[in-house]
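Everything on this sheet refers to the single structure shown next.
The values are calculated or read from the model by the stated rules, or taken from the named source; none is laboratory data. Note that the structure is predicted; figures quoted are calculated from it, not measured. Every residue, glycine among them, receives a Cβ derived from its backbone with ideal geometry; neighbour counts consider all protein chains shown. For the accessible areas, the whole protein counts, side chains as well, though only heavy atoms, and no ligand, DNA or RNA atoms are used. Shrake-Rupley method; radii C 1.70, N 1.55, O 1.52, S 1.80 Å.
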Amino acid sequence: MASEPKGRLAGKNALITGGAGGIGLETAILFAKEGANVMLVDISEPALEKAKAKVLQLVPHAGKVETKKCDVSKEDQVKATVEALDPWGGLDVIFNNAGIMHARDDDAVGTPEEIWDLTMSINVKGVWYGCKHAVLSLRRNKKAKGSIINTASVVALVGSATPQLAYTASKGAVLALTRELAIVHAREGFRFNSLCPAPLNTPLLQDWLGDDVPKRMRREIHFPSGRFGEAIEQAQAVLFLASDEASFINGHEMVVDGGMTKAYVTPE
Ligand code: NAD
């Protein structure tokens, strides 16, 4: 007889978008360790297969770990992906985490309109569709509680002198819509919180910085801790928000930045 799942998310069904990437994959590993059934969602099928293999390798006792290819900017695909959890009993947790920062994103003058539209489609509409279909699923499956976590960024809180205007605006929208949904759905027991990561030590950023020491220092100097964050440090915060330990935390902007947004000057 299969043993009962144990852990901080025991028996919960969780969907993670951008699940093949840095924060999403670390979160999937933690969720699986803590007893959740996990649906990994991403735009890249080969990356999803690799991610699933990694979760199963690191968490041999994992419950269900499945994958689904989905472009979060397409509502029909998000709807079908969320509905794929109905045979599991419906989702309890959704982490709307997929997002892009395009290389051609720039300032007010330099950002091409198509890059603005693409960024908004994925980073804002994708989060809206995830929230919408999560609410419909929680209602359909008669859940008394649910946890929705949306990834924003510290650039939703502080300006960046290295411009990425569409990205910054999109993450501000994620904060605003999450706050409103938290209030609208509070009496249904559905909690909405946002995650604001600082720049991370992920291959994406580190490859881009390369051996360029001044470029690296331009950013590193702003961290009181003197270092970039790690994806696992974001995942730990997401785990808390997803769990019942955060049952009275709603509409919160969880800033995981080593104190970066609180700094005027940093220690020498
Ligand atoms: P990542 O690029 O490793 O992961 C993002 C994932 O989203 C990728 O696997 C990608 O394939 C997927 N994706 C992209 N477009 C998609 C789409 N249309 N539909 C479905 N999936 C799609 O980056 P990450 O650092 O793990 O970023 C995760 C989230 O954290 C993003 O929203 C990002 O904006 C945010 N964030 C990252 C940092 C950082 O420094 N890495 C800082 C602040 C916020």
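Taking the stated definitions as given, is residue 246 under 27 Å from residue 9 (Cα atoms) and touching a Lys or Arg at 6+ places or on another chain (Cβ under 8 Å)?
Spelling it out, residue 246 is indeed under 27 Å from residue 9 (Cα atoms) and touching a Lys or Arg at 6+ places or on another chain (Cβ under 8 Å).
Mind listing whichever residues of the stretch 203-228 are at pLDDT 90 or above, surrounded by 11 or more Cβ atoms within 10 Å (Cβ to Cβ) and of a type outside the set (Gly, Ala, Ser)?
Within the stretch 203-228, 221, 222, 223, 224, 228 qualify.
Look through 134, 98 and report the one residue that is surrounded by 21 or more Cβ atoms within 10 Å (Cβ to Cβ) and part of a helix (DSSP H, G or I).
134
Confirm whether residue 155 is open to solvent by 10 Å² or more (accessible area, probe 1.4 Å) and in a helix (DSSP H, G or I).
When the stated conditions are applied, residue 155 passes them.
So how many residues does the stretch 101-121 have that are farther than 11 Å from residue 164 by Cβ and part of a loop (DSSP other than H, G, I, E, B)?
Matching residues across the stretch 101-121 total 3.
If you take the residues in the stretch 1-45 that are touching a helix residue (DSSP H, G or I) at 6+ places or on another chain (Cβ under 8 Å) and of a type in the set (Val, Ile, Thr), which one is farthest from residue 55 (Cα to Cα)?
Step by step, filter the stretch 1-45, then rank; the result is 17.
Does the stretch 22-37 hold any residues that are near the ligand (Cβ under 10 Å from one of its atoms), open to solvent by 30 Å² or more (accessible area, probe 1.4 Å) and touching a Ser or Thr at 6+ places or on another chain (Cβ under 9 Å), and which are they?
22
Restricting the stretch 192-245 to residues that are among the β-branched types (Val, Ile, Thr) and more than 10 Å from the ligand (Cβ to nearest atom), which is farthest from residue 147 (Cα to Cα)?
That would be 213.
Residues 40, 9, 15, 56: which one is open to solvent by 20 Å² or more (accessible area, probe 1.4 Å) and either assigned to a strand (DSSP E or B) or over 18 Å from residue 127 (Cα atoms) (or both)?
Selected residue: 56, the only one of 40, 9, 15, 56 that is open to solvent by 20 Å² or more (accessible area, probe 1.4 Å) and either assigned to a strand (DSSP E or B) or over 18 Å from residue 127 (Cα atoms) (or both).
Let me spell it out: the conditions are (1) within 15 Å of the ligand (Cβ to nearest atom); (2) β-branched (Val, Ile, Thr); (3) open to solvent by 40 Å² or more (accessible area, probe 1.4 Å), and residue 183 meets all of them except one. Which number is the exception?
With respect to (1) within 15 Å of the ligand (Cβ to nearest atom); (2) β-branched (Val, Ile, Thr); (3) open to solvent by 40 Å² or more (accessible area, probe 1.4 Å), residue 183 is out only on (1).
Quick check on my filter: what residues within the stretch 137-152 are open to solvent by 40 Å² or more (accessible area, probe 1.4 Å) and in contact (Cβ under 8 Å) with a residue 12 or more places away in the chain?
Passing the criteria: 139, 140, 141, 143, 144, 145.
Only residues that are buried (at least 19 other Cβ atoms within 10 Å of the Cβ) and over 13 Å from the mean Cα position of the chain (by Cα): list them for the stretch 229-245, please.
Matches in the stretch 229-245: 229, 243.
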